[in-house]
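Here is the structure we will look at, set down as structure tokens.
None of the figures in this text is laboratory data; all of them are computed from the coordinates on show. Owing to the predicted nature of the structure, the values given are computational and were not obtained by experimental measurement. FYI the Cβ positions are ideal-geometry reconstructions off the backbone, even for glycines, and counts take in every protein chain you see.
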Amino acid sequence: MGKKRFVTGFLLAHCILPLTGCNLVGGLYMVLIDPLIPVPLVRAEHDMSDKHVLIWVDDLSAAESYPSLRRHLTDELAETLQAQNAVASVVPYEKTARFRALRPEYRQKSIMELGSEFQADQVIYLQVTQFKFVHEAGRGYYQPAIKGHAKIIDCLNEGQRVWPEIQAQYPFGIECELEEGQGDSFEERLIRKLGEKFVREFSLHFYDHRGKK
């Protein structure tokens, strides 16, 4: 115990002794006070905790060549929102995939009409407008990235946009790090990582969480 106190005192002295005046006060604050201040709580921008939600992904860039992108975005977002109790329930991806296959006329439906097809209270609408996968360095080099916009509409209130409140839509852009590899399983893993990174950032808008100091 005595040795531990000696080491702690030595470290504090090492940090504080070179400081004088305002620097001393700042040093004391950083060493003794700042670690004790709790990280601020960031409130959810939109509450869906009592809503049955449809996540609808319109992929204008990768639906043909990388169809699993839509599935990963939907499943990862659904899992995270449910784990955080940010929604009451989510329409399973399998139902929306089957609907697309059997009902090609869905393209003529509004977002509110799509939500009504699944008895959803609200629809999280994601439109991917740009998808990049292979890096310009050439074959075997990948750097997945997506851009697009999102919004939430209320099916029970004539399709009114309820998020974001001020903007017509929320723009997003996510890029992963450059990686080297090959094979279908490797590519699938990268697409999954892209979906996970997007969801980590996007989902924070919908549940209370601790921010950064």
If you find the alpha carbon centre of the range 46-60 and of the range 124-171, how far apart are they in angstrom? 13 Å
Cα-based Rg (one decimal) and Dmax (whole number) for the range 42-208, in Å? 16.1, 49
I want the local charge near H46. Using Cβ-Cβ distances under 15 Å, sum +1 for each Lys or Arg and -1 for each Asp or Glu among the other residues. -3
Distance in Å, no decimals, from the C-alpha centre of the range 95-114 to the one of the range 173-188 is 30 Å
Using a cut-off of 12 Å between beta-carbons, work out the net charge of the residues near P171 (Lys and Arg +1, Asp and Glu -1, P171 not included). +2
Between their Cα atoms, which of K147/K197; K109/K147; K51/K109 are more than 20 Å away from each other? K109/K147; K51/K109
